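Beneath this line is the structure, given in structure tokens, with notes to follow.
Derivation of every value follows stated rules applied to the coordinates shown; laboratory data play no part. Treat the numbers as computed from the prediction; the structure is a model and nothing was measured. Every residue, glycine among them, receives a Cβ derived from its backbone with ideal geometry; neighbour counts consider all protein chains shown.
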Amino acid sequence: MNNFSFSENIIITLTLPASIFKKLNMSDIIVKMQNARIYQGNSLILDDVNIEVRKGEFVYIVGKTGTGKSSLLKTLYGDLKLREGEASVGEFDLKKMDWKKVPFLRRILGVVFQDFQLMTDRNVNENLKFVLRATGWKDKRLMDEKIEDVLSKVGLKTKGFKMPFELSGGEQQRVAIARALLNSPQLILADEPTGNLDPATSDEIMRLLFSISRDYGTAVMMATHDYPVIRRFPARTMKTEAGRVYDHATVDFI
């Protein structure tokens, strides 16, 4: 499989019938997993996964190294095939996912990695344009407008001509977040996005991710070992442990 790195507020009044309320509420579900079993090769990594994530929610995924945080994210963005159970991201059934459908799945989500995964041989604009082309964009004017839009959202409107090595670590991660926003995603999956950053820069990135979740209704699922960040920016937390995913978990701060 080839991988490439890459608000609307609904006001519901009390006068609405319960059936309509339920229908609107269900439409907000971005991620749903029921009795899912996640494998790496022949090894069962996570068993009986049952989770729901809704529009605009921010969710941490914590757990020791090797307990399945990254495997869960990889399943959601189509890098690991779901063999057993049920799961969906937006309108995509992950059980029926194959390599032909993965690019379409990735148009509705963005992925942010710890090590940025920017292409070092081209500037910021060209990094972003590469992803747009890979996800089906063709019109140069529309691509330029979209790139300007996402760079503005992450506070880098004037940095499009810069090469990655000319940017700080925090700026490179902002570019990675801009890349994740290119297709106006329903979901952002972030795998240790603050892992290579100092505390002050980590806070900047967290404020940006929370603002994206709040202002654009984008769900964010973030795998992290950075417990000080969770303490400063509390949110719903899932924990991977002993082959299971525990929702609304408590975190022991050391």
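For segment 19-246, the Stokes-Einstein estimate of translational diffusion at 20 °C and a viscosity of 1.002 mPa s comes to 118 µm²/s, using the Kirkwood hydrodynamic radius over alpha-carbon pairs.
Where a ≥ b ≥ c are the square roots of the eigenvalues of the C-alpha gyration tensor, would you call segment 39-141 rounded, which needs a/c under 1.5, or, failing that, prolate if a/b is larger than b/c, or oblate? Because a/c hits 1.5 or more and a/b exceeds b/c, segment 39-141 counts as prolate.
Within straight-line reach of K159, meaning a Cα separation under 18 Å, sit the following aspartates and glutamates at least 8 residues removed in sequence or on another chain: D121, E126, D144, E145, E148, D149, E171, E204. Of all lysines in the structure, the ones whose alpha carbon falls short of 17 Å from that of K96, not counting any fewer than 8 places away in one chain, are K32, K74, K81.
Cβ crowding within 10 Å, taken as a proxy for footprinting-reagent exposure, orders H225, H248 from fewest neighbours to most as H248, H225.
Entry note, the chain: the mean residue ellipticity at 222 nm calculated from DSSP H runs of n ≥ 4, each adding -39500 (n - 2.57), is -9500 deg cm²/dmol after division by the residues and rounding to the nearest 500.
Could you put W99, W137 in order, starting from the residue whose Cβ has the fewest other Cβ atoms within 10 Å? Please list the in-between numbers first.
On the way: W99 10, W137 16.
With the fewest neighbours first, W99, W137 line up as W99, W137.
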